[in-house]
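Asker: What follows is a structure written as structure tokens; I'll ask about it next.
The values are calculated or read from the model by the stated rules, or taken from the named source; none is laboratory data. Owing to the predicted nature of the structure, the values given are computational and were not obtained by experimental measurement. For neighbour counting, all protein chains shown are included, and Cβ atoms are generated from backbone atoms with ideal geometry for every residue, glycine included.
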Amino acid sequence: MSRSSTPGSPAGRPAGPTGNRARSFDYPPDEDLDEVVLDSALVTSPGHGRVGVFQPPRPLSPREPVRPDGDIDSPFLDLFGGAQPRRRPAASTPPAPVEPVVAPPRRGVGREPLPIPHQPAVPVEPAPRAEPEPPAREQAPGVRAVGRPRPEPVHAAPLPVEPPLPDPPAALAPPPSRSRVPQQAGDRLPALRPPAEPEPALPPPPPIHAPAPPPAPTDNREPDPAPADPPAAGAAPSREVGRPAHREVAPPRQRTPERRNRPTKPVRVRAPKIKFGDRDPSVELAVTEIAGHLTFTPNTVTAWYWLPEVRWAFRPDAEREALLSAISEQYAGLAGFRLHLRRTTRPFPADEWARTIDAHTTAPLPDVPGTTGWADHLVAAQRHLMAVNHAEGQTYLGVTFARRSLGDSLTERLLRTFGRGTADGERRRLSRTVEQFDEVLGAFGMRGRRVTAPELEWLLYRSVALCMAPPGVLSPITDGRWERGDLLALTEQVERYRTPYGSTVKLVNRMTGEERHVAVLAVGRMEPLEIPERHEPWLHFHERLPWPMELSTRVDILGPNDSFRNLEHRLRMIRSQQLDYAEHGIDAPPELERLAKRALVIGDEMTTGLPVDSARAHGWHRIAVGGRTRDECLERARRLIQLYSRELRISLQHPKNQDWLAREFIPGEPIANTGYVRRMPVNLLAAALPQAASTVGDRRGDLIGRTAGTCRRPVFLDLHFPMEVRERSGLAVFVAEPGGGKSTLLGALGYLAARRGVQVTLLDPSGPLARLCAMPELAPYSRVLNLTGSEQGTLAPYALIPTPLRSEFGAGAAGDREFEIGVSNARAERRMLVQDICMMLVPPQVAREASTATLFRHAVRQVPAEETSTLDDVVTCLQGLDDDAGRELAHLLLDTAEMPLAMLFFGRPPDGLLGADAALTVITMAGLRLPDLKIEREYWSAEEALALPMLHTAHRLAVRRCYGGSMSSRKLVGLDEAHFMEGWRSGRSFLVRLARDSRKWNLAALVASQNPKDILGLDVQNLVSTVFVGRIAEDSEIASEALRLLRVPVDDGYEATLASLSQADSGSANRLGFREFVMRDVDGRVQKVRVDVSYVDGLLEHLDTTPAAVAQAAGILPTVLADLEA
């Protein structure tokens, strides 16, 4: 008989499972796929419980004889009797012994079937209709037993037998054995293996009744092993189909005690092989595997590289052109491949910076009760960092360099079943190609390297969770292997909500509840750009806005042949359009002729030029903008469109199918559509330069502000980094015109250094920096020295230059020689300083006479050049000369000494003038009127004339304190108004010695001046490690000198940049709340920065030197602090 099939499904494959399924043990488990569930046509319907149709059994094995005493253990006993009416046996007739029949063992497909041994016929006597007898044990609801009389073996051919496997109740199933009927409808079990140990006798399955109303639920107690009531006398016994001879089965009710006690030969038990219907992982990515820096898709393999940031701002055009030319050659070397350029962001790790600066601060200033302590100071700085967007850009380049064959894909699928991925042979082929790309991308220009496992994981997560908060921690597994099922960890947390024509894509993190709206913009038409002459890199320009954005660029690099073929096609299209206009007698637009000429010029360059000139790039460029709400996202997209349109003449489009465009950012995903393709030479693609950087400073210093160029990066400055790490000079120069903010920056750096426990000495002739000592956290550890009210001998020139100590030099004869040289240099410097001070104290008309310098030199030579000497000794020496001019000079010095300010130079200095116990010492000359150097000395007043020697000696006094401590301890000295040192021999030697000794003494020397010529005239520009240049807008010549100090090319347009610093809005009456500088760090990086120390509570109020602010703070902040030494 042929088996019927369920309507709506293939023949022999019903669509749904059915109940009461019978399963033959003759089928091998490999054939389970041919019969998923039992056909509904094979199940007995209500009222027709006497007919059953089964599949034919598998052929019998000729190697194992059929046992004639086999039993048939089946609830269906009407297998060979056709559709005869059922005869219920009489209860009085004892059961006749039945000779069991052995079921055939499992055999392979294709063997000839062996005949089933016939059984003797049993006479069947009709019995009167009787009431249904009660069951002997609990049965399944709605199931009754089915019985058949035995057929005559000579009249009926053997039919196929497949014992059904009904599911008995749980209480009836013995624990040690496995049920042959699955618990759920439609499930299948493979054929059982031969048992190794004799199994206990099992009760027969419950008889199956016709469908009836379901009885009440029964309890799950153990079934009664006693057989049911015997059938009536003369009734045909039920035929039983036994299990295979090599298995021990439960005896039927008709078995004799001899059969029940018969021993069974033990055989080996094999666990059944079960096929589970497990679901494959629902992976939303096209990437199927990640191995190291390679990502695999079913058809392609992509190698990923990390591109470091390159310096662009304030760089000479020659260096810029060389950089772009090198990148262009690298792009041309990738002809024939598709590139995926990704630019993502990483939030600045404020916590790591705080731990770094705390580790480099060995002894911070002790906390003062009721004020901000060191820990609170770091917390405030971290909050300030997180409040402002300081995301760092990261650039990745993916090269799709291999298209996988069908064999490679099939091999990967096969190996994945064994826990492996890509075949070893394919990996060897890929490794050879990857080595070639390592050589191309690692050269000057991109300087790319292979991405690490955490970097690639970061890129994938940032691409899936576009513009969302980054993950807190990455995977702890760093072997770089990701299987297909493991990729779920990158996609399962983010849900996407989109509409086909929506303007944004909504992303929701189902773990944190974060919600983001993302709009993807495409780069459209663009005008020719002049890079680097006029424009900035066009794929780096978006970082000017104060929120992070994502960038994705897919580029096909075409070689000379492909590019020329494409160009010829375009030229033919142009000529065809011109002919169409000519045929219709219409003048062709002039644009066609221009395009044709341009195509001819490009074709000539491609055929006669270098390969880099003939290579072309066809790319699709996308920028993703995110926002917390849809309106915020669209507003940011609008501002980005306006920025590109106004500054670069580039049109940004907002296409539909935003979800498809957003998936382009994920590595391995296809391009959403080929619209808005941009065709350009590789030179213009190289000028996109998304990895352009504006980083300046170091990562272990104090937070002083942020960059104000093409992007926003935090600026940290450790003034001892050049000496301790780079082994360079510690001289830092500050140049700006009045009001440029150099004094405020000098005071802020002094405050931050004092908080870290550095010994700070600041010289501020005008006096506003003295208010730093009134800050509550610094007051117990600060002191102010006001020179205008100090004691006599405070500025004694001989005592300002310390004598070197022998412990500062090495041991042995070489150390002795160096020590002697140091002592001799100190003596020579004292004589030079004393001569200059004497020349400053006499009138300028007398100082210009030739004999004046000679007499002073003779007198100074007669006085011992030791710290204990004074100017009084010089005056005494001049008075003892026989020359009248010498005695006249002595009288002039005595006349000057009568003035109150001049008394500072005569006599011995008081003991403990500059103690080392104070963390911050500010030296001021409050109330002193400084002279104008543009006016001749003859026209200076007496006070202005004394201000010049006071400034010279005050600079020496500030540095004298630094030389009094340990050489290895950190020290900082800030010198304002350094332009007064220029023009004097002692001033020049002082700054040169300060720059040279800064590294040896671990001294950070900050020198501020209004004119860069003052620093350049001292010939110390080669010893300068850090430079800050503020606004210089009055004189272009001074601006050019400042650019030379920055080592930036002159006459390249950077003079206008200096004039635009700290520029206030002319239409606003409010004060400018910030100051801007152009900064060059010790590594030569130059960038425009904006100083911002607002995170320090009260610091700007104490540093404000504006007259209105000083008057407003009168009574709150001291304008002139008394000398705290008294």
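Asker: How do the helices (runs of 4 or more DSSP H) wholly within segment 793-869 filter down when requiring 3 or more residues that are surrounded by 15 or more Cβ atoms within 10 Å (Cβ to Cβ) and free of Cβ contacts under 8 Å to residues at least 24 places away in the same chain: which remain?
Answerer: So the answer is 812-841.
Asker: Another question, then. Please verify whether residue 503 is closer than 17 Å to residue 624 by Cβ and part of a loop (DSSP other than H, G, I, E, B), treating the condition exactly as stated.
Answerer: Considered against the rule, which asks whether it is closer than 17 Å to residue 624 by Cβ and part of a loop (DSSP other than H, G, I, E, B), residue 503 comes out as yes.
Asker: Across segment 482-497, what is the total count of residues that are assigned to a strand (DSSP E or B) and either under 20 Å from the mean Cα position of the chain (by Cα) or aromatic (Phe, Trp, Tyr) (or both)?
Answerer: 3
Asker: Which numbered condition in (1) in contact with a helix residue (DSSP H, G or I) (Cβ under 7 Å, 6 or more places away or on another chain); (2) in a helix (DSSP H, G or I); (3) under 25 Å from residue 830 (Cβ atoms) is the only one that residue 923 fails?
Answerer: Just one mismatch for residue 923, condition (2).
Asker: Something else about it: Output the residues belonging to segment 670-684 that are surrounded by fewer than 19 Cβ atoms within 10 Å (Cβ to Cβ), among the aliphatic types (A, V, I, L, M) and either touching a His at 6+ places or on another chain (Cβ under 6 Å) or part of a loop (DSSP other than H, G, I, E, B) (or both).
Answerer: The answer is 671, 677.
This table checks each residue for (1) in a loop (DSSP other than H, G, I, E, B); (2) touching a Cys at 6+ places or on another chain (Cβ under 8 Å).
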site	(1), (2)
459	no, no
466	yes, no
469	yes, no
472	yes, no
499	yes, no
507	no, yes
513	yes, no
518	no, yes
529	yes, no
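Asker: Moving to a separate point now. So, residue 356, is that one part of a loop (DSSP other than H, G, I, E, B) and hydroxyl-bearing (Ser, Thr, Tyr) or not? Walk me through it before giving the result.
Answerer: On the way: part of a loop (DSSP other than H, G, I, E, B): no; hydroxyl-bearing (Ser, Thr, Tyr): yes.
When the stated conditions are applied, residue 356 does not pass them.
Asker: Oh, and also: For segment 374-400, which positions are farther than 27 Å from residue 758 by Cβ and in a loop (DSSP other than H, G, I, E, B)?
Answerer: Those that are farther than 27 Å from residue 758 by Cβ and in a loop (DSSP other than H, G, I, E, B): 389, 391.
Asker: Keeping to segment 610-628, report how many residues are free of Cβ contacts under 8 Å to residues at least 24 places away in the same chain and either closer than 19 Å to residue 344 by Cβ or part of a strand (DSSP E or B) (or both).
Answerer: Let us first name the residues in segment 610-628 that are free of Cβ contacts under 8 Å to residues at least 24 places away in the same chain, namely 610.
Adding the requirement that they be either closer than 19 Å to residue 344 by Cβ or part of a strand (DSSP E or B) (or both) leaves none.
The qualifying residues number 0.
Asker: Moving on. Could you say which residue among 381, 465 is modelled with pLDDT of 90 or more, outside the structural domain of residue 294 (by TED's automatic domain parsing) and surrounded by 15 or more Cβ atoms within 10 Å (Cβ to Cβ)?
Answerer: Checking each option against the conditions leaves just 381.
Asker: Residue 988 - would you say it is surrounded by fewer than 21 Cβ atoms within 10 Å (Cβ to Cβ), within 21 Å of residue 721 (Cβ to Cβ), of a type outside the set (A, V, I, L, M, F, W, C) and not assigned by TED's automatic domain parsing to the domain that holds residue 838?
Answerer: No, not satisfied.
One line per residue, one yes/no per condition, for (1) part of a loop (DSSP other than H, G, I, E, B); (2) outside the structural domain of residue 1095 (by TED's automatic domain parsing); (3) at pLDDT 95 or above:
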residue: 330; (1), (2), (3): no, yes, no
residue: 336; (1), (2), (3): yes, yes, no
residue: 339; (1), (2), (3): no, yes, yes
residue: 342; (1), (2), (3): no, yes, yes
residue: 352; (1), (2), (3): no, yes, no
residue: 362; (1), (2), (3): yes, yes, no
residue: 365; (1), (2), (3): yes, yes, no
residue: 369; (1), (2), (3): yes, yes, no
residue: 372; (1), (2), (3): yes, yes, no
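Residues are listed down the side, and each one gets a yes or a no for (1) closer than 22 Å to residue 746 by Cβ; (2) modelled with pLDDT of 90 or more; (3) polar (S, T, N, Q):
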residue: 1042; (1), (2), (3): yes, yes, no
residue: 1048; (1), (2), (3): no, yes, no
residue: 1063; (1), (2), (3): yes, no, yes
residue: 1070; (1), (2), (3): no, no, yes
residue: 1099; (1), (2), (3): yes, yes, no
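Asker: Right, something else. Please enumerate the residues belonging to segment 516-529 that are farther than 17 Å from residue 461 by Cβ and either aromatic (Phe, Trp, Tyr) or within 22 Å of the chain's Cα centre (by Cα) (or both).
Answerer: 517, 519, 520
Asker: Quick one: in segment 538-597, of everything that is under 30 Å from residue 624 (Cα atoms) and of a type in the set (Asp, Glu), which residue is surrounded by the fewest Cβ atoms within 10 Å (Cβ to Cβ)?
Answerer: Here the residue is 556.
Asker: Looking only at helices (runs of 4 or more DSSP H) that lie completely in segment 1008-1081, which have at least 1 residues being surrounded by fewer than 23 Cβ atoms within 10 Å (Cβ to Cβ) and among the small types (Gly, Ala, Ser)?
Answerer: Here the list reads 1036-1046, 1054-1059.
Asker: Right, here's the next one. So, in segment 898-912, how many residues would count as being crowded, with 18+ Cβ neighbours inside 10 Å and among the aliphatic types (A, V, I, L, M)?
Answerer: Number satisfying all stated conditions: 3.
Asker: Ok, one more. From (1) over 19 Å from residue 618 (Cα atoms); (2) at pLDDT 95 or above; (3) not β-branched (Val, Ile, Thr), pick out the condition that doesn't hold for residue 657.
Answerer: With respect to (1) over 19 Å from residue 618 (Cα atoms); (2) at pLDDT 95 or above; (3) not β-branched (Val, Ile, Thr), residue 657 is out only on (2).
Asker: Restrict the check to segment 927-944 and report whether at least one residue is under 60 Å from the mean Cα position of the chain (by Cα) and in a helix (DSSP H, G or I).
Answerer: yes
Asker: When only residues in segment 308-324 that are small (Gly, Ala, Ser) and free of Cβ contacts under 8 Å to residues at least 12 places away in the same chain count, which is surrounded by the most Cβ atoms within 10 Å (Cβ to Cβ)?
Answerer: Result: 322.
Asker: Then there is this: Within segment 366-373, can one find any residue that is closer than 20 Å to residue 776 by Cβ, among the hydroxyl-bearing types (Ser, Thr, Tyr) and buried (at least 18 other Cβ atoms within 10 Å of the Cβ)?
Answerer: Yes, segment 366-373 contains a residue that is closer than 20 Å to residue 776 by Cβ, among the hydroxyl-bearing types (Ser, Thr, Tyr) and buried (at least 18 other Cβ atoms within 10 Å of the Cβ).
Asker: Moving on. If you check residue 1085 against the conditions, is it under 35 Å from the mean Cα position of the chain (by Cα) and closer than 22 Å to residue 317 by Cβ?
Answerer: yes
Asker: Could you count how many residues in segment 934-953 are hydrophobic (A, V, I, L, M, F, W, C) and surrounded by fewer than 15 Cβ atoms within 10 Å (Cβ to Cβ)?
Answerer: Result for segment 934-953: 2.
Asker: Can you confirm whether segment 697-705 contains a residue that is more than 30 Å from residue 368 (Cα to Cα), of a type outside the set (Ser, Thr, Tyr) and either at pLDDT 95 or above or crowded, with 24+ Cβ neighbours inside 10 Å (or both)?
Answerer: Yes: segment 697-705 contains one or more residues that are more than 30 Å from residue 368 (Cα to Cα), of a type outside the set (Ser, Thr, Tyr) and either at pLDDT 95 or above or crowded, with 24+ Cβ neighbours inside 10 Å (or both).
Asker: Still on this structure, please answer the following. Please determine whether any residue of segment 945-956 is closer than 15 Å to residue 764 by Cβ and touching a Phe, Trp or Tyr at 6+ places or on another chain (Cβ under 7 Å). It would help to see each step written out before you state the result.
Answerer: Taking segment 945-956 as the starting set, the residues that turn out to be closer than 15 Å to residue 764 by Cβ are 947, 950-951, 954-955.
The next check asks that each one be touching a Phe, Trp or Tyr at 6+ places or on another chain (Cβ under 7 Å); those that pass are 951, 955.
Yes, some residue in segment 945-956 is closer than 15 Å to residue 764 by Cβ and touching a Phe, Trp or Tyr at 6+ places or on another chain (Cβ under 7 Å).
Asker: For the list (1) among the aromatic types (Phe, Trp, Tyr); (2) modelled with pLDDT under 90; (3) not assigned by TED's automatic domain parsing to the domain that holds residue 757, I need the number of the one condition that residue 856 fails.
Answerer: Here residue 856 meets the rest and fails (2).
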